[in-house]
Structures are given as C-alpha cells and as structure tokens.
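The values are calculated or read from the model by the stated rules, or taken from the named source; none is laboratory data. What you see is a predicted model, and the numbers here were worked out from it, not measured in a lab. All Cβ positions, glycine included, derive from the backbone under ideal geometry; neighbour counts span all protein chains shown. In case anyone asks, the SASA skips ligands and DNA or RNA and just uses the protein heavy atoms, side chains included. Shrake-Rupley method; radii C 1.70, N 1.55, O 1.52, S 1.80 Å.
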Amino acid sequence: MANSSALMVFFCLLLNVITHLPYLTNASSCKSPPYKPSGTHAILTVNNFGRGGDGGGASECDGKFHPLPQRVVALSTGWYNNGARCGRMIRIKARNGRSTVARVVDECDTHGCGKSHKKEPSCKTNVVDASETVWKDLRLNTDDGEVPVTWIML
C-alpha cells in the first residue's frame, strides 16, 4: 500500500514537471506562430496603454504612454521580435469583415520571455493586445475579452 502511494506521488510530481517545463525553460513558450504575409491568425485582447492603465508602465518601443484614442497594439513576444516591429503599422481584420490599422508600440510579454521581464506572465504566444479604439473600429465588444482576428504588416 505504501509503495503504491509513493508511486502515485512520483507520477503526480513527474506530470507537474512535464506540464511546467516549457515555462521554466522558456523554450517553447516564447515561440509565436509563424508570421504569414497573407494574414497571421491571432487572438485580439484589449489593453489600456495610457498612464495608469492596465498595461503597466510605458511602452517598450518608445518609453511613452499611448492614451485613447490612439490605435496601438502590443504583440506577443515572438511576433514583437526583440522590438524589430516597433513603430510599424499593422492591419487587423476581424471575422465580421471590418479592418483597421494600428501602430506596434509594445510587447505583450509571453511568460517572461521578453527583455523587460517586468510583467507577470499574461500573454499567450498568439496575441495582438489592442487599445479600445482598435476594438471600436472593428465593431467588437471589449467585454468578449478575446476575439480571433488576422493581421498583416503594412
């Protein structure tokens, strides 16, 4: 009986390590799906990039805050690509057919993979974190929290 209990504990610990290993090593948790010039599938989330907003501090790209009505986004760590997309414009298209353009101003840190490491792990690897203005342009409800979209670099 004691051996089966010890074996059960061992398997539970092993499963826990296997489950969390990618986040401990940051190996697979940092990879975003590949960018496709024809349209990259993503999940749109909402963020307040203004001072005191839920985005935390100033943006990674320019060290500034971006209050409404600015059309700005943060990209998941892999797509942010160490800041290579900073200041670039992207076109975001919703499933309802509406699209809008926004400027990349920040990284949506994926499990501590980014340079700053100042945020708690909050972003998945496939996130375009957008200001409310972007959501309004797309005629989406921010209460939905996460909405599938596609995006391209302009």
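Details
- Among the listed pairs K93/K124; K64/K136; K64/K93; K36/K136; K64/K124, a Cα-Cα separation exceeding 21 Å is found for K64/K136; K64/K93; K36/K136; K64/K124.
- From most to least packed by mean Cβ count within 10 Å, the peptides 44-53, 57-66, 141-150 give 44-53, 57-66, 141-150.
- Per residue, in Å², the accessible surface of the stretch 45-99 once ligands and nucleic acids are set aside, probe 1.4 Å: 52
- Mean-position separation - Cα centroids, the stretch 130-147 and the stretch 61-108, in angstrom: 13
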